[in-house]
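Everything below concerns the one structure shown next.
The values are calculated or read from the model by the stated rules, or taken from the named source; none is laboratory data. What you see is a predicted model; the values in this text were computed from it and never measured. Positions of Cβ are backbone-derived with ideal geometry, glycine not excepted, and every protein chain shown enters the neighbour counts. Just the protein is used for accessible areas: all its heavy atoms, side chains included, with ligands, DNA and RNA removed. Shrake-Rupley method; radii C 1.70, N 1.55, O 1.52, S 1.80 Å.
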Amino acid sequence: QVQLVESGGGLVQAGGSLRLSCAASGSIFSINSMAWYRQAPGTQRELVATITSGGSTNYGDSVKGRFTISRDNAKNTVYLQMNSLKPEDTAVYYCSARLIRLGARHEDNYWGQGTQVTVSS
C-alpha cells in the first residue's frame, strides 16, 4: 500500500504565507514526478505546480512568482511554499505522485486526501 499524507493547510489573511507538506509512505520503489493540485468549490481541479525527480519545476500561471515547489527525495516528501496569498487561492490542495511500487513493473499515480487552504480578505 502507498499513502500520501498532506499537512500544513489552514486559515490565513491575504498577503500571508503557508507551507504545505506531503509525505509518501509504503511499499515504494521510486517516485518520479510529484505535484500539487487544487480545487475550489464548483470548479475543476487545476494544476498548481509539478517537480520531477531531478528537481525541474513547472507552475500554473496563477501562482508563478508566488508559490515554490520543492522536494526531499530522501524523505519522499514534497513541499509547497505559498507566499502573497490571495482569496482566490482558497481551495482544497491535493498532492500527487507518479511512482513505482516495490515489485511493480509500471508507474501509477497516487493522490493525497487533500488539505484545506482558506485565505481571508
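Largest first, what is the accessible-area ranking of Ile69, Ile100 with a 1.4 Å probe?
Values: Ile69 10, Ile100 40 Å².
Ranking Ile69, Ile100 by accessible area, largest first, yields Ile100, Ile69.
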Formal net charge of residues neighbouring Ile69 (Cβ-Cβ distance under 14 Å; K, R +1; D, E -1) | +3
Taking 0.36 nm per residue of separation and subtracting the Cα-Cα distance, what length does fully extending Asn83 through Ser30 add?
-> 16.1 nm
Cα centroids of segment 1-27 and segment 32-54: how far apart, whole angstrom?
-> 12 Å
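Which FRET efficiency value, to the nearest 0.05, do you get for Gln39 and Ser121 by plugging their Cβ-Cβ distance into 1/(1 + (r/R0)^6) with R0 = 25 Å?
My answer for the efficiency is 0.80.
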Considering only DSSP beta bridges whose two residues both sit in the chain, what percent are antiparallel, to the nearest 5?
-> 90 percent
Going highest first, how would you order 81-87, 8-14 by mean Cβ packing within 10 Å?
-> 81-87, 8-14
For segment 21-73, which trypsin sites (Lys or Arg not before Pro) are both in a DSSP coil and crowded by at most 10 other Cβ atoms within 10 Å?
-> Lys64
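How much of the accessible area of the chain, probe 1.4 Å, is carbon plus sulfur, in whole percent? Don't skip to the end; give the middle numbers.
On the way: 2930 of 6400 Å².
Heavy-atom surface of the chain belonging to carbon and sulfur, 1.4 Å probe: 46 percent.
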